[in-house]
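Participant: Below are the structure tokens for one structure; questions will follow.
The values are calculated or read from the model by the stated rules, or taken from the named source; none is laboratory data. What you are looking at is a predicted structure, and each value in this text was computed from that prediction instead of being measured. For neighbour counting, all protein chains shown are included, and Cβ atoms are generated from backbone atoms with ideal geometry for every residue, glycine included.
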Amino acid sequence: MAITLNINGKSESVDAAPGTPLLWVLRDHLGMTGTKFGCGVAQCGACTVHVDGAPTRACVTPHDALDGAKITTIEGVEGGAADAIRTAWVANDVPQCGYCQSGQIMAATALLRDNPAPDDAAIDEAMSGNLCRCATYMSIRRAIKEAASLV
Amino acid sequence: MLMRDLGIIPAPEAGAAGDEASPYVNLSRRAFVGGAGLFVLGVALAGCSTYVEPDIDADGFDLPDAGPSPLTEVRGGDATPALWIAIDKDGAVTITCHRSEMGQQVWTSMAQIVADELEADWDKVTIVQAEGHERYGDQNTDGSRSVRFNFHRLRVAGAAMRKMLVAAAALYWKLPEDQCSAKAGLVSNSQNDETLSYGNLAELAGRLAVPAEADITLKTPREWRYINAEIPSLTVPRIVRGEGTFGIDVQRPGMVHAVIARPPQLFGRVGSFDDAKTLAVPGVLSTMRLPDARPPALYQPLGGVAVVARNTWAAIEGRRALEIAWADGPNAGYDSETYAAQMQATARRSGKVRRSRGNVGAALAAAETRVTAEYYAPHLGQTPMEPPSATAEWDGDRLECWACVQDPQSTRETLAGALGIDKELIKVTPTWLGGAFGRKSKPDFVIEAALIAREVGKPVKVTWTREDDVRHGFYHSVSAQYCEAGLDKDGTCTAWLHRSVFPPISSTFDNSVSEPSDGELGMGATDVPFAAPNLRVESGNAKGHLRIGWLRSVANIYHAFAVQSFAAELAHAAGRDQKDYLLELIGPPRQLDPAAEGAKYGNYGASLEEYPIDTGRLRQVAEKAADMAQWGRKLPDRHGLGIAVHRSFLSYVATVIEVAVGKDGALRIPGVWVAVDAGTVINPRHVRAQVEGGTIYGLSNALYGAITAKNGAVVQDNFPSWRVLRMGEAPRDFKVEIIASDAPPGGVGEPPTPPAAPALANAIFAATGHRLRTLPFIGAEGDTLRLPPRQTA
């Protein structure tokens, strides 16, 4: 049965099996591949999106539990924090392979929105759920601090 | 004015430049510039009267036949400009990258090399990914050698194209070539203020003969504009918007999705299966039994049962509902604990001598002090953030695949064998790779997609879940090593014995092979740079029971761990400073030839003349890293510094790590200092990123990484049990220094990994007096270091 989701400010009609995680609805049903699959068990953060502003692991979030929620993905995240994060990410060439970076940017944007001047401890806490096998962690720290100065 | 807006210099008829059928090639810049191109020919020169560049009509020149390219066999391969460079009428420069982009920024670095010699305007450069084809030469993106293999020939290609553009301008102006010169996309001359843009000259230049290498002048390093410069990445601006296509992102019209239940054991089989519940899962379309894998493993798929569905989630749910009785195969008895004990026993016995200097036996007998140590390192998984994924489309005669592969040529050849068709009927284009680390050198997952696509007659994407990736990998080899040394009464090392036991990678390709190869031993064992007058390196055999493969820096990981840990153990036994003693072991600056002492040493495929083992460079990075860390400074209680230095992939890396270890074994890493000498560097940003990433990769493995098997099956399954380092554990202070060098380029992606584990072990010893010889130091479950009884010597 089709339900309507609010994704990046647009209404999207989705006809997926009950319980299908948001991740696969985004990627396979809607063709929005910016949100990545990394583990399927909320351990790596590659699938991080915002649900009503809060960083959320799309791989374990049933899409049919999101009726009425505002879903934001890497393709649609905007605003001062997101702009600053993207600017700092580009200036510092943060990504290497880039695969985890949608999730990193979504997590970092939420952090910066809640905490305009995060210190190392706050960054570690907010970002430790997002794995990066290229190990861009030091670059991410530098870029979040730089982004904080841009907001 | 009517202009064509696509490649004037004919692009190779590749999927290379401008294959519109590729679902992910970036044509956006081309489209943009193409639109603006109608207006760019009027170039106003600041401060001058308005100069309008004339529109060159290439047909107005009576030219002899250009003849064949004389650049097809320069050092490194074919440097014919048309293979690499396309220039649009409006000046857009499209450079073809034949190596796979997996985060090492090879798109950017290859473009820097070509664009520099071409004297292109960087803002007009676009890169496209080449399909797998022999015309590009080696495309196997591993071994940290994209720059090394291609630096020269891509410079030649760029310089040849520049010369042709200059020649075209000279022809137009009727001036001698030496009165014309190129800069940033424009050719000017010494006679007047006129300029001609590359886009305007491209068609005429493309009709001229390609110059011979002897007639091409490469720029001097002082003239470089993009090489050795901090050029921003060409991929990052897209990544931050979630754009760009990884293997798992490929979408084709009518595509279906598959996941596969594979036998838990290598060469295990499907005994029987019942798919009734699977077929009842909404969205599941069918199941398919895949052919059983038979030894040797090669790049075969592992067999099992594929579930084909309308979407990935339905396929995952369908697989969950499969009822399969697995039949044991020849590796059913593989148990990591038992196997470790067997390997350790082998390591204690004399092995096959692989390098020998002097008389180690006599020197050990005569030594004042004898020191022995045993080291153990487990299997590891590469676990790139993007698990393997491939999409295949079969039209009844031809196969096309898009996949995150490091080597599209071997993928194509393996596909041809697996499907029994001519490889000319197969096209393979690499997507972006969401990390690789050696896993994506093996195209088993592409073969799976092709077999299923042929069966179902629709485009198929095979997705590996993380569990699949962790359980069914090509694992880094497990190893046991024995080290023994003799010291004289002054503590000087007089005898060095190193014995290495591990199942070789060749066992994946020939299951009768159990002897470590010269290539693996040449990664840190037979090329040991120490000056001890008596030195012997031995190997012991071990049979493979999992698929053994490459993982970032390969055998260097366990060899550097043993050699550099043992060096610090000897320093301790001699009562000397770790760093001073390490430099003494290395000895004076000189060039080594392991072959002179009986080693079959390959030097990563390079000659020792061009890439010597230079202990002077090794010493230099060690001293630099020590200086950066302020070696010898007073440290807080339970802090320690450790150093390790290692040459691999023709580059030199020294790492100093500071640790703080709580009484309970809780570990912090306050600082890491790395000095790297990689010869000529294309982009210092890339080098720093690889040093940070490669070091953390090594630290992650050292602290947490272990793949173990029980009853032939891998025990770990996902990030909770296969643990990797997280943000909060990353060092707060991480400094990198690149040694300025005009030596030929060495590797960068792998060399930072080997020194990480021994530097960490040496730092922990310095902080606590506990010597860690078994990897990993913490493991998947623990919170603290597993500290063995304290050393009393």
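Participant: Please go through segment B:456-510 and pick out each residue that is among the polar types (S, T, N, Q), assigned to a loop (DSSP other than H, G, I, E, B) and under 30 Å from residue B:260 (Cα atoms).
Facilitator: The initial filter retains those residues of segment B:456-510 that are among the polar types (S, T, N, Q), namely B:463, B:465, B:477, B:479, B:481, B:492, B:494, B:500, B:506-508.
Checking which are assigned to a loop (DSSP other than H, G, I, E, B) leaves us with B:465, B:477, B:492.
Within segment B:456-510, B:465, B:477 qualify.
Participant: Oh, and also: Could you list all residues from segment A:69-83 that are within 13 Å of chain B (Cβ to nearest Cβ) and among the aliphatic types (A, V, I, L, M)?
Facilitator: Residues satisfying the conditions are A:74, A:77, A:82.
Participant: For the structure I just gave you, tell me whether residue B:236 is within 31 Å of the chain's Cα centre (by Cα) and within 19 Å of residue B:112 (Cβ to Cβ).
Facilitator: Criteria met by residue B:236.
Participant: Please work out which residue is farthest from the other protein chains (Cβ to nearest Cβ), limiting yourself to segment A:6-37 and to residues that are farther than 14 Å from residue A:58 by Cβ and small (Gly, Ala, Ser).
Facilitator: A:11
Participant: Can I ask one more? Under the condition of being small (Gly, Ala, Ser) and either assigned by TED's automatic domain parsing to the domain that holds residue A:57 or surrounded by 22 or more Cβ atoms within 10 Å (Cβ to Cβ) (or both), which residue from segment A:84-117 is farthest from residue A:150 (Cα to Cα)?
Facilitator: Top of the filtered list is A:98.
Participant: Which of the following residues is of a type in the set (Gly, Ala, Ser), within 30 Å of residue B:571 (Cα to Cα) and surrounded by fewer than 16 Cβ atoms within 10 Å (Cβ to Cβ): B:373, B:366?
Facilitator: Among B:373, B:366, only B:366 is of a type in the set (Gly, Ala, Ser), within 30 Å of residue B:571 (Cα to Cα) and surrounded by fewer than 16 Cβ atoms within 10 Å (Cβ to Cβ).
Participant: Answer yes if at least one residue in segment B:621-643 is modelled with pLDDT of 95 or more and under 19 Å from the mean Cα position of the chain (by Cα), and no otherwise.
Facilitator: No.
Participant: Examine segment B:655-664 for a residue that is more than 29 Å from the chain's Cα centre (by Cα), within 30 Å of residue B:486 (Cβ to Cβ) and not in a helix (DSSP H, G or I), and state whether such a residue exists.
Facilitator: No, every residue in segment B:655-664 fails to be more than 29 Å from the chain's Cα centre (by Cα), within 30 Å of residue B:486 (Cβ to Cβ) and not in a helix (DSSP H, G or I).
Participant: State yes or no: is residue B:668 within 14 Å of chain A (Cβ to nearest Cβ) and either in a helix (DSSP H, G or I) or within 29 Å of residue B:745 (Cα to Cα) (or both)?
Facilitator: It is false that residue B:668 is within 14 Å of chain A (Cβ to nearest Cβ) and either in a helix (DSSP H, G or I) or within 29 Å of residue B:745 (Cα to Cα) (or both).
Participant: Name the single residue that is farthest from residue B:736 (Cα to Cα) among those in segment B:753-774 being among the hydrophobic types (A, V, I, L, M, F, W, C) and touching a helix residue (DSSP H, G or I) at 6+ places or on another chain (Cβ under 6 Å).
Facilitator: Looking at residues that are among the hydrophobic types (A, V, I, L, M, F, W, C) and touching a helix residue (DSSP H, G or I) at 6+ places or on another chain (Cβ under 6 Å), I get B:772.
Participant: Considering only segment B:454-466, I want to know if a residue exists there that is farther than 30 Å from residue A:96 by Cα and either aliphatic (A, V, I, L, M) or in contact with a Leu (Cβ under 8 Å, 6 or more places away or on another chain) (or both).
Facilitator: yes
Participant: Residues of segment B:214-251 being touching a residue at least 12 places away in the same chain (Cβ under 8 Å), basic (Lys, Arg) and within 10 Å of chain A (Cβ to nearest Cβ), which ones?
Facilitator: Once the filter is applied, which keeps residues that are touching a residue at least 12 places away in the same chain (Cβ under 8 Å), basic (Lys, Arg) and within 10 Å of chain A (Cβ to nearest Cβ), segment B:214-251 yields only B:238.
Participant: Here is a further query. Quick one: how many residues across segment B:178-217 are within 18 Å of residue B:62 (Cα to Cα) and out of contact with any Ser or Thr (no Cβ under 7 Å at 6 or more places or on another chain)?
Facilitator: Here the count works out to 10.
Participant: If you don't mind, there's one more thing I want to ask. Under 6 Å by Cβ, and 6 or more places apart or on different chains, what pairs join a residue from segment B:101-120 that is more than 14 Å from chain A (Cβ to nearest Cβ) and more than 20 Å from residue B:692 (Cβ to Cβ) with one that is buried (at least 24 other Cβ atoms within 10 Å of the Cβ) and basic (Lys, Arg)?
Facilitator: B:118/B:162; B:119/B:162
Participant: Then there is this: Is it the case that segment B:726-747 has a residue that's touching a Ser or Thr at 6+ places or on another chain (Cβ under 9 Å), among the hydroxyl-bearing types (Ser, Thr, Tyr), under 20 Å from residue B:646 (Cβ atoms) and within 14 Å of chain A (Cβ to nearest Cβ)?
Facilitator: No; the residues of segment B:726-747 include none that is touching a Ser or Thr at 6+ places or on another chain (Cβ under 9 Å), among the hydroxyl-bearing types (Ser, Thr, Tyr), under 20 Å from residue B:646 (Cβ atoms) and within 14 Å of chain A (Cβ to nearest Cβ).
Participant: Out of all the residues in segment B:333-378, which are more than 22 Å from residue B:517 (Cα to Cα) and among the charged types (D, E, K, R)?
Facilitator: B:335, B:337, B:368, B:370
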